[in-house]
1. By the gyration tensor of its Cα atoms, with a ≥ b ≥ c the square roots of the eigenvalues, what is the shape of region 119-232: rounded for a/c under 1.5, prolate for a/b over b/c, or oblate?
2. At 1.4 Å probe radius, can you tell me the per residue accessible area of region 134-195 in Å²?
3. Mind scanning Lys79/Lys180; Lys12/Lys50; Lys12/Lys208; Lys50/Lys180 and naming the pairs with a C-alpha gap bigger than 30 Å?
Amino acid sequence: MALNEMALLIGKEMGHGKGRYVRFEDSPQTYLVDSYLQLSDSVNDWLEPKVFAVDYSDIRKVTLDKAGQVEFSAVRPLKNLAVEDKASNEENITNLAKKAVEQTLNLSKLDEKSDSEKSVLADHFELVGDEIVDIELKSPSIIDGFVRNLVSLELRGVEQRTKLDLLKLTQSVFVEYQSKLGNTGRLRVDFYSSDDENLYFIAIDNSKWLIEIAKNDYNKLAIDKNDLVSNTESE
């Protein structure tokens with residue numbers, strides 16, 4: 001069934017007393033309503049402040065690129081629990097002989113489970129790539145913090161992409177995520193700054209819109225690999 005759209009035009013307030021004039025867009029009839037309608041004339045007040053609809057738990061991989069060079073790439077892998085679950089079930093069979101038949105049936109059902117049912121996400125994001133040998137993170141959750149800061153970004157305003165010539169591209173973040181339906185999605189987030197005006201923006205997937213973000217939020221994400229790894233090198 002098709003949805004019907006309705007447009008309501010909000011007019012001036014009543015000269016004396018309480019009320020405001022309104023009318024439907026496709027009708028000449030004007031109505032005086034007794035409700036106090038406070039409407040902002042700022043576009044930014046009508047925008048959803050949260051930039052990304054993707055949750056932290058959806059993210060599977062994140063890559064930070066600066067000037068065409070990968071600073072780091074990290075994944076949150078899946079851990080397979082099938083072996084642990086099977087060992088636990090076998091122990092129960094041994095200890096509870098009277099339930100041997102039931103436990104055996106449970107083991108056969110375990111083998112029929114899908115991989116997604118046997119696996120859970122690892123606790124933390126982990127660096128991947130050819131250069132991670134003998135590299136130790138400052139803390140196991142340090143990349144988790146970077147990802148959380150990214151997906152929790154809130155906008156301060158929007159600008160048309162025509163302003164791009166006045167900005168400097170500082171870094172790009174590539175994100176892979178899994179939707180609630182199990183589909184894999186990808187995002188490219190480009191970061192821009194204007195030191196003269198102290199303004200900071202991101203652009204998502206080459207959108208025609210630039211999203212302004214706070215300087216503090218920008219600084220949390222303007223990092224490199226050296227900010228993640230420990231200064232102590234393995235012997």
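The values are calculated or read from the model by the stated rules, or taken from the named source; none is laboratory data. In this text, all values refer to a predicted model and were calculated from it rather than measured experimentally. When the accessible area is computed, the model is the full protein with side chains, heavy atoms only, and any ligands, DNA or RNA have been set aside. Shrake-Rupley method; radii C 1.70, N 1.55, O 1.52, S 1.80 Å.
1. Since a/c reaches 1.5 but b/c is at least a/b, the shape of region 119-232 is classed as oblate.
2. With all protein chains present, region 134-195 gives 57 Å² per residue.
3. In this structure, Lys12/Lys50; Lys12/Lys208 lie more than 30 Å apart at Cα.
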